[in-house]
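To start, the structure under review is shown below, and the notes come after it.
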Amino acid sequence: MIIIVSLLVLMMFVSAIAALLFKDLISAVIAACMVSLIAAILFYLLQAPDVAMAEASIGAALVTAVFIIAIKRTKRYEE
Amino acid sequence: MKKIIVIVLLSIIALGIFASLQQIPFGKSKSKVGKYYLQNSKEETGASNVVTSVVVGYRGFDTLGEITVLFLATIGLGAVLATFKKKENGQPEKASLILTTGCRFLFPLILLFGSYIFIFGHLSPGGGFQGGAVIASAFLLIYLGCRGKRVNKVGSSVLESLGGLVFIVLGLVGLTLGGHYYLSNFLPKGEYNTLFSAGIIPLIYIAIGLKVGSELSGIIDLMMEETR
């Protein structure tokens, strides 16, 4: 259990840093979506299914969609 | 100079947070109110999901504030995006066959799942906010898969207003009939752990689910609208 949780936290950390470093904004948004998904799994493992549901549907689906629509309207690459 | 001021301000804030967190011993439950909820929520609200009994039972007034914040966010987005002109007679590009077929197959299932989440909010994990978000993601799938299809704006705004109205009216009726606080229960509690139990909690969660679902899909609709 502790191994799974620490692996997930490590993956979350790596994807959060990747979201900061990517120059391609679509990739950055997908990495941020990874953070939300792993956070949802962690909430579920920590016995908070209510929060996990909200995190998965809002953080991973809706926020990603809103960001991608906004990127489509503006520029894809960071300068 | 600016950087030094920022660093000083941040360290003052960090010191404040550290000092207030130091009072709480790590890993120990010192909260008395949490224990109270766990012990008494079954008798007092009749909901078998304790989280639900806190969100719309004990802390119902805070939930009203949350809903108001979401409502204001939607209104603000609408006001900002309304200044752009709509693109006329633009034919949207078609999605691929796999996406179209998948969205036609999955859309009713996701809608059903979202409604299940908020109707059974007092029995199983989930509730109005989660169910509403799942419903909004179903509409997002429709916007991606079946281009050109749009939500009926009149219907969604009627649903949204109806949800808010039901919440406020139920709260005020509870204030006058049930007890001395907002959203107090005035309906029979029913049998514990069945669908028709927990008094007004399922009704409130259905209202919140409809309101949040229509608001979030309204945000998606505003963002997806082709503008120039």
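The values are calculated or read from the model by the stated rules, or taken from the named source; none is laboratory data. It should be emphasised that the depicted structure is a prediction, and the values quoted were computed from it without experimental measurement. As a convention, Cβ positions derive from the backbone with ideal geometry for all residues, glycine included, and neighbour counts pool all protein chains shown.
Listed values, structure above:
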quantity	calculated
Among (1) touching a residue at least 24 places away in the same chain (Cβ under 8 Å); (2) in a helix (DSSP H, G or I); (3) out of contact with any helix residue (DSSP H, G or I) (no Cβ under 8 Å at 6 or more places or on another chain); (4) closer than 22 Å to B:Arg104 by Cα, the one test that B:Gly174 misses	(4)
Scan of segment B:119-158 for residues that are closer than 23 Å to B:Val56 by Cα, of a type in the set (A, V, I, L, M, F, W, C) and touching a helix residue (DSSP H, G or I) at 6+ places or on another chain (Cβ under 7 Å), ordered by number	B:Ile119, B:Phe129, B:Ala133, B:Val134, B:Ile135, B:Ala136
Unmet criterion (only one of (1) surrounded by 14 or more Cβ atoms within 10 Å (Cβ to Cβ); (2) over 12 Å from the mean Cα position of the chain (by Cα); (3) modelled with pLDDT under 90; (4) not small (Gly, Ala, Ser)) for A:Leu62	(2)
Of the criteria (1) within 14 Å of chain A (Cβ to nearest Cβ); (2) without any contact (Cβ under 8 Å) to a residue 40 or more places away in the chain; (3) surrounded by fewer than 18 Cβ atoms within 10 Å (Cβ to Cβ), which one B:Val169 fails	(1)
Verdict on B:Lys211 being basic (Lys, Arg), within 19 Å of B:Ile75 (Cβ to Cβ) and away from every other protein chain (no Cβ under 11 Å)	yes
1 or more residues basic (Lys, Arg): qualifying helices (runs of 4 or more DSSP H) within segment B:59-153	B:97-119
Hits in segment B:23-49 (condition: assigned to a helix (DSSP H, G or I) and either surrounded by fewer than 18 Cβ atoms within 10 Å (Cβ to Cβ) or free of Cβ contacts under 8 Å to residues at least 12 places away in the same chain (or both))	B:Lys32, B:Val33, B:Gly34, B:Lys35, B:Tyr36, B:Leu38, B:Gln39, B:Asn40, B:Lys42, B:Glu43, B:Glu44
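Listed here are the residues, each with its yes/no results for (1) under 25 Å from B:Gly27 (Cβ atoms); (2) surrounded by 16 or more Cβ atoms within 10 Å (Cβ to Cβ).
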{"site": "A:Val14", "(1), (2)": "no, no"}
{"site": "A:Ala39", "(1), (2)": "yes, yes"}
{"site": "A:Tyr44", "(1), (2)": "yes, yes"}
{"site": "A:Ala52", "(1), (2)": "yes, yes"}
{"site": "A:Ile58", "(1), (2)": "no, yes"}
